[in-house]
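The values are calculated or read from the model by the stated rules, or taken from the named source; none is laboratory data. Small disclaimer: the values here were computed from a predicted structure and weren't measured. Because the Cβ atoms are built from the backbone with ideal geometry, glycine has one as well, and the counts that use them run over all protein chains shown. Ligands, DNA and RNA are excluded from the accessible area calculation, which covers all protein heavy atoms including side chains. Shrake-Rupley method; radii C 1.70, N 1.55, O 1.52, S 1.80 Å.
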Amino acid sequence: MTAPGSSDTADAVARVDAALDGWSGKVPAWYSAVGRIGYWWIAICLVGGLAIGLVANPSEIEWRIASGLMIGIVAIPVGGTLLRLIARSQSRATGAAGPERALADAARTARPVAADVKRAIDAVLARDARQEPTVHRLAWRSNEDDAALKALDGLWRQADPESVAARDAETAALEARVAVVREQAQERARAKGKK
């Protein structure tokens with residue numbers, strides 16, 4: 001989510017997205033390109049390992065193929081982990097001290113949005129897109145202001161009462177479970193105290 005009235009938020013949004021994925025700074029472009037390879041990474045490692053096995057192993061052809069495939073199988077996780085470590089080091093060198101710090105640095109312009117706030121935004125805007133400025137302002141402030149969160153919740157309740165009722169039921173069930181666990185813990189503590 002971006003701050004209301006902010007312009008040129010693409011960089012801040014990219015930093016927040018990267019920080020939510022555990023990156024300290026921007027994800028290096030080369031690593032993003034490697035990530036788009038997807039499952040082809042397996043084929044690349046197997047073909048590369050096979051080529052090394054065929055060229056470097058002086059044994060019979062069967063053993064060359066077997067050793068090459070083993071090299072490829074080992075290279076799949078090891079190579080991926082090594083590339084991720086290099087990319088994270090590069091991200092850390094060009095970014096903040098950690099993902100939490102990166103989120104804090106971008107907080108004036110962009111920040112993550114809670115799941116319930118996202119559901120509320122979607123429901124209200126699906127009903128009436130003209131409320132976007134109001135919803136955006138309330139959603140931005142809801143992180144720090146209970147009144148804004150209540151106002152957004154009220155708009156959500158008007159737009160989609162069924163989903164709000166389902167959320168309230170889930171919350172009540174969770175609170176009931178927490179109360180039971182807390183009571184059981186207190187009973188165990190009292191029983192230990194009597195011994």
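One table, with the values for the structure above:
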quantity: Residues of type lysines that LYS192 reaches as a straight line, Cα spacing below 18 Å, ignoring anything fewer than 8 places off in the same chain; calculated: none
quantity: Loop-resident sites, the range 53-126, for GluC sites (Glu not before Pro), counting at most 13 other Cβ within 10 Å (DSSP); calculated: GLU60
quantity: Net dipole in debye of the chain [+1 Lys, Arg Cβ; -1 Asp, Glu Cβ; about Cα centre; nearest 20]; calculated: 740
quantity: Computed P(r) (all Cα pairs; the range 122-169; 10 Å bins; percent); calculated: 29, 54, 17
quantity: Calculated P(r) of the chain - Cα pairs past 32 Å, %; calculated: 50
quantity: Translational diffusion of the range 81-179, µm² s⁻¹ [Kirkwood Rh, Cα pairs; Stokes-Einstein; 20 °C; 1.002 mPa s]; calculated: 134
quantity: Per residue accessible area in Å² of the chain, where ligands, DNA and RNA are left out and the probe is 1.4 Å; calculated: 66
quantity: Chymotrypsin sites (Phe, Trp or Tyr not before Pro) restricted to the range 29-89 and DSSP loop, no more than 15 other C-beta within 10 Å; calculated: TYR39
quantity: Portion, in percent, of the accessible area of the chain that falls on carbon or sulfur, probe 1.4 Å; calculated: 61
quantity: Taking all pairs of distinct alpha-carbon atoms in the range 1-95, Kirkwood radius in angstrom; calculated: 15.7
quantity: The range 1-54 - convex hull of the alpha-carbon atoms, volume per residue in Å³; calculated: 100
quantity: In the range 141-195, the GluC sites (Glu not before Pro) that fall in loop regions by DSSP, at most 12 other Cβ within 10 Å; calculated: GLU144
quantity: Helical mean residue ellipticity (222 nm; -39500 (n - 2.57) per DSSP H run of 4+; nearest 500) of the chain; calculated: -25500 deg cm²/dmol
quantity: Separation of alpha-carbon centers, the range 135-152 and the range 1-78, rounded to whole Å; calculated: 40
quantity: Whole-Hz couplings from phi, Karplus 6.51/-1.76/1.60, listed for the range 129-134; x for Gly and Pro; calculated: 5, 5, 7, 3, x, 5
